[in-house]
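The values are calculated or read from the model by the stated rules, or taken from the named source; none is laboratory data. Just so we're clear, the structure is a prediction, and the values are computed from it rather than from any experiment. Methodologically, a virtual Cβ is constructed for each residue, glycine included, from the backbone with ideal geometry; neighbour enumeration extends over all protein chains shown.
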Amino acid sequence: MRLFAIIGFCLVGWWNAQAEAPALLPYKSAHWKQTVTIGAATPAKGQKVEAELWFLKPNNMRVVTVVEGKRQVIVIKSGTALIFEEGTPTGMKMPLKQQMLDQLAQYTEVFSKLDTWKKAKTGEEKLGGKACEIYGFSDKSGGQTTTGKVWLWTEKNFPMRMTLEAQGQSVTVEHNDVQVNEEVSPAMFEAPAGVKFVELPSGAGK
């Protein structure tokens, strides 16, 4: 599916997720918009992937990616995934599979690494009006080394920006419109009205 291709493309290779459940965030709730720019010396010339994410403790997630102007959605709740495109009458419902969990973890695994990265402080800067501390880091995973910087929103310990380099490729991750530990409606993780979901058996998608 094109949706999975976009999700896997965002940060695949930077971190190798091994979780057996969606990576949990260290917040009770969160909502943010993400822009990932891949493979260019300057962000303006790179290939961009945009997404919007919602999280509600303990393991509810909604990920919306924009593909050719269309908003494609994955909703994770209680071990089940709903997959659909906004504005269409049908979608898929399926049990979570390891492959899907690994792809979704590309968005969330970074949050488990923040404390290990907070060692080499290189400066401070405000991003979107939020005071951030800047840390340089080096991360080894899967036999490769990734170096980069992370701009951490000091008050919420949330990464507002990351720049990464590995094997000659660069990635810049920007987070905007960030809300942490503010109200996220449980309705965001329910099946949308008017959409008929085809339920796939547990053995599908292996």
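When the stretch 128-140 is filtered for residues that are of a type in the set (A, V, I, L, M, F, W, C), at pLDDT 95 or above and farther than 12 Å from Lys156 by Cβ, only Ile134 remains. Restricting to the stretch 53-78, count the residues that are crowded, with 16+ Cβ neighbours inside 10 Å and either within 19 Å of Thr88 (Cα to Cα) or of a type in the set (A, V, I, L, M) (or both). Number satisfying all stated conditions: 12.
State whether one or more residues within the stretch 107-114 are under 13 Å from the mean Cα position of the chain (by Cα), at pLDDT below 80 and polar (S, T, N, Q). Yes, there is a match, as at least one residue in the stretch 107-114 is under 13 Å from the mean Cα position of the chain (by Cα), at pLDDT below 80 and polar (S, T, N, Q).
Screening Glu133, Glu155 for residues that are without any contact (Cβ under 8 Å) to a residue 24 or more places away in the chain and within 18 Å of Phe111 (Cα to Cα) leaves exactly one candidate, Glu133.
Within the stretch 78-89, if we keep just the residues that are in a loop (DSSP other than H, G, I, E, B) and of a type in the set (Gly, Ala, Ser), the residue that is modelled with the highest pLDDT turns out to be Gly87.
For the condition more than 23 Å from Ala191 (Cα to Cα) and at pLDDT below 80, Gln98 does not qualify.
Inside the stretch 118-132, residues that are assigned to a strand (DSSP E or B), over 21 Å from the mean Cα position of the chain (by Cα) and not basic (Lys, Arg) make up a count of 6. Selection over the stretch 142-165 of residues that are surrounded by fewer than 17 Cβ atoms within 10 Å (Cβ to Cβ) and not polar (S, T, N, Q) gives a count of 5.
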